[in-house]
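A.B. asks: Mind looking over this structure? Questions follow.
Since every read-out is calculated from the coordinates, none of them should be taken as a lab result. Since the structure is predicted, the reported quantities are computational estimates derived from the model, not experimental observations. Don't worry about glycine lacking a Cβ; one is built from the backbone with ideal geometry, like all the others, and counts go over all protein chains shown.
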Amino acid sequence: MARPPKKIDADALVGEIALMRSSIWQNGKRKVAAIITRHRQTAALLPERAIALVSVTAFAPGAPSRLVRDVPLYDGPQGDDVMPSAWLKR
């Protein structure tokens, strides 16, 4: 049974700056700045506590930028075991 999505202004997410963690940068130990380029708010695909699925362009220091698709966006930083994950920079 799919849970109802949280009400967010998904169009306002595009262009926002986020921080993200992924296993491709030091096995998730490094937080990387990213810009949200696309969003998807499909309740059936959302992990627990996620507010949206987003695609981001990440800018790791000393590495070329990289497009990462379908990253769960959370309200704040998650534990080290949740990867990949992104959260809005506040």
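A.B. asks: Summing -39500 (n - 2.57) over the DSSP H runs of n ≥ 4 in the chain and dividing by its residue number, what mean residue ellipticity at 222 nm do you reach, to the nearest 500 deg cm²/dmol?
C.D. replies: After summing the helix terms and dividing by residue count, I get -500 deg cm²/dmol.
A.B. asks: What does the highest-first list of 25-36, 42-53 look like by mean Cβ count within 10 Å?
C.D. replies: 25-36, 42-53
A.B. asks: Continuing with this model, one more query. With N denoting the number of residues in the chain, provide Rg(C-alpha) divided by 2.2 N^0.38 Å, to two decimal places.
C.D. replies: In units of the 2.2 N^0.38 Å rule of thumb, it is 1.02.
A.B. asks: Right, next: Can you tell me the length gained on complete extension of the stretch Ala12 to Arg69, counting 0.36 nm per residue apart and subtracting the Cα distance?
C.D. replies: 18.7 nm is the gain from fully extending Ala12 to Arg69.
A.B. asks: Determine the relative contact order of the range 13-88: mean sequence separation of Cα pairs under 8 Å and six or more apart, normalised by residue count, in whole percent.
C.D. replies: So the answer I get is 31 percent.
A.B. asks: For the chain, set up a Gaussian network in which alpha carbons nearer than 10 Å are linked by springs, and say which option among Val71, Val56, Val14 fluctuates the most.
C.D. replies: Looking only at Val71, Val56, Val14, the biggest GNM fluctuation is shown by Val14.
A.B. asks: What nm value, rounded to one decimal, do you get for the distance between Met83 and Ala44 when each label is placed 7 Å out toward the C-beta?
C.D. replies: Result for the modelled spin labels: 2.9 nm.
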